[in-house]
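The values are calculated or read from the model by the stated rules, or taken from the named source; none is laboratory data. All of these numbers come straight from a predicted model, not from anything done at the bench. Quick reminder, even Gly has a Cβ in these numbers, built from the backbone with ideal geometry, and neighbours come from all protein chains shown.
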Amino acid sequence: MVDTMAPLPPFIRSTRMARTPVGAVARPLPGLPADDEVLLDAPDDRLGPALVAAAGDDWEPAARLLAGTRQRAEWEDRDRYAHRLAAFARSRGAWLDAWRAAAPDDPDVLLLTAQLAVDRAWPSPARAELLREVSPLITAAARADDRDPVPWRVALDHARGSRAGHRYFEELWEAAVRRAPHHHGCHVAALRYLAGSCRVPAQDTHGPRAPHTPGARHDSLRACFDFADRAAQDAPADALVQGLPVRAAFACLTGDGSGVERAGVARSRLDAAADRAMALSARCPAATPRYAELRNLLTYVLVRLDRHRDALAQLRLIGPYATSYPWDRMSDDPLGLFLELRADVRSVRLGPVPGAPDSGETGRGRRAGTRGH
């Protein structure tokens, strides 16, 4: 689901003017994979075989993968796999059609069918009208397994796209968090709804709730941070929701969802969001697809905050795993943009790099001459 493309920041525009000449070989960056080793949206070891089988119209590996996530209550992985499998089915859907024919009431095929229907409707100018027609598919997926929060995340996205009222969204939100109080995908859906609605969220004993009170745009950004901060504070230390505030920072820095940039949000709050996401990143395994999107997003935010040494540390943790988001919000060549930013960060004079003797400087706030902003 693609929102309005954000403006290209100046520090990225300058690097795009200096691509490697045709025929030249890019110099490897110390401590980082070579450019030709970096992959965009690479699947993990479980998803990869399912996608390969689906390319041959074999749906059974995908069915086993999703059934396993449901049986083990691996809701974050299930949500990520549902997104990726539905995206694949948009261009090659014969395997999903065969699965539906063989097992029309399977909770996993119902989930993919609902996700695919929402994805197909999203780019259309008639999005709201088309999405209202797919409501029965989401209802069927939600009823198929009452424990599963992922259909409710689909429902939250659907409600945002179809411009559903705040009371209805709040009912969906409460149903989602009853099933998984700290589910990352549901929180992201609620954050996007909040950013787009310019409303202030309420809170009760069950945690953050959906927005319902009118407010100005700068108040909406602060409300996004309030929502994200409360969710992160309530979540376990290793939960992906710990990274939710850095998504609010991204919305603030780019206007993603709200059309404004940093309005009414203090720099210290942006730094605190980045710090929390860095702490989560440090607790997670390095160079793994599961945490790649978090680290790609965090890298963007750190560079926009002129924290280039911290950004370089995240690039090392990313390893070869670039993700379309957030780079596709600024370019139709997300991998190219990621590689250009990576080279730019490494070329900035940063003082000592991680692992070298420390000069007493920190990464936060250090500027890089004319390359900063």
Original post:
What number of residues in the stretch 270-309 are under 20 Å from ASP238 (Cα atoms) and not small (Gly, Ala, Ser)?
Top reply: 19
Original post:
If you check ASP44 against the conditions, is it at pLDDT 50 or above, within 27 Å of ASP157 (Cα to Cα) and not in a helix (DSSP H, G or I)?
Top reply: yes
Original post:
With (1) in a helix (DSSP H, G or I); (2) under 18 Å from the mean Cα position of the chain (by Cα); (3) at pLDDT below 95 as the list, and ASP219 as the residue in question, which single condition is left unmet?
Top reply: (2)
**OP:** Might you check whether a residue that is among the basic types (Lys, Arg), crowded, with 19+ Cβ neighbours inside 10 Å and at pLDDT 95 or above occurs anywhere in the stretch 71-78?
**Re:** yes
Subject >> Single match in VAL188, VAL134 (criterion: among the β-branched types (Val, Ile, Thr), at pLDDT 95 or above and in contact with a His (Cβ under 9 Å, 6 or more places away or on another chain)) >> reply: VAL134
**OP:** Would you point out which residue out of ALA101, ALA164, ALA89, ALA94 is surrounded by 17 or more Cβ atoms within 10 Å (Cβ to Cβ) and modelled with pLDDT of 95 or more?
**Re:** ALA89
Original post:
Which of the residues that make up the stretch 180-196 are touching a residue at least 40 places away in the same chain (Cβ under 8 Å) and part of a helix (DSSP H, G or I)?
Top reply: HIS184, GLY185, HIS187, VAL188, LEU191, ARG192, ALA195, GLY196
Subject >> Hits in the stretch 121-137 (condition: out of contact with any Phe, Trp or Tyr (no Cβ under 9 Å at 6 or more places or on another chain) and either crowded, with 22+ Cβ neighbours inside 10 Å or under 13 Å from PRO107 (Cα atoms) (or both)) >> reply: LEU137
